[in-house]
Every structure is written in structure tokens, then in C-alpha cells.
Amino acid sequence: MKMTTMNVSLTPEQSEYVRRNVERDFGNASEFFRELIRERMRREIEADLAVLNATNQFAPAGPSAAELDQVLAVQRQVRKDFKRAGRL
């Protein structure tokens, strides 16, 4: 996978925090920052899904049987009309 390079400016405290975490849990600073980004992306996706789930919670799963019957009736009528007009 092709990688790009970015420069990041950190305060001395932030730099020390990164250094400690890299020494303890990561092979290098790039792995540390990639993990932070993956985690943030995961949280954003989960937040988006939570909103979707909350808004869809009370929405019907699809058309009702009555709505389907109405659509089929309209289709039948259109076909009859086309047949009468010689278009089908």
C-alpha cells in the first residue's frame, strides 16, 4: 500500500506522551498515529450508525401489504390501458 508522509507539530508534553506509548505498545510513531486514526474513524462510523438506527427505529421495514396491493392495481390498470391503446 502506498503511504504518504505528513509532518505533525507537537508540544513537548504531547511528544513525550507519544514516545512513551510508542515504546510500550507500538513499533514506531507512525503505527501509533495510524491506530489513533483508525480508532477515530471507528467511533465516527459507530456514531453515524447510532443516528441511523435511532431514526429508523420507528420507520416501517418496507411497504405494507396494502401499499403493495395499490401498486399492483395501478400496474394492472396501466397494462390494460396500454393494451386498449395498442401499445402493448
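Here, each number is a calculation from the coordinates, and none is a lab measurement. Every value quoted in this text rests on a predicted model; they were computed, and no experiment measured them.
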So how much slack lies between residue 48 and residue 10, counting 0.36 nm per residue of separation and subtracting their Cα-Cα distance, in nm? 10.7 nm
(i) 13.3; (ii) 12.6; (iii) 6.6, with the label sought being that of the calculated mean projected area of the Cα convex hull in nm²: (i)
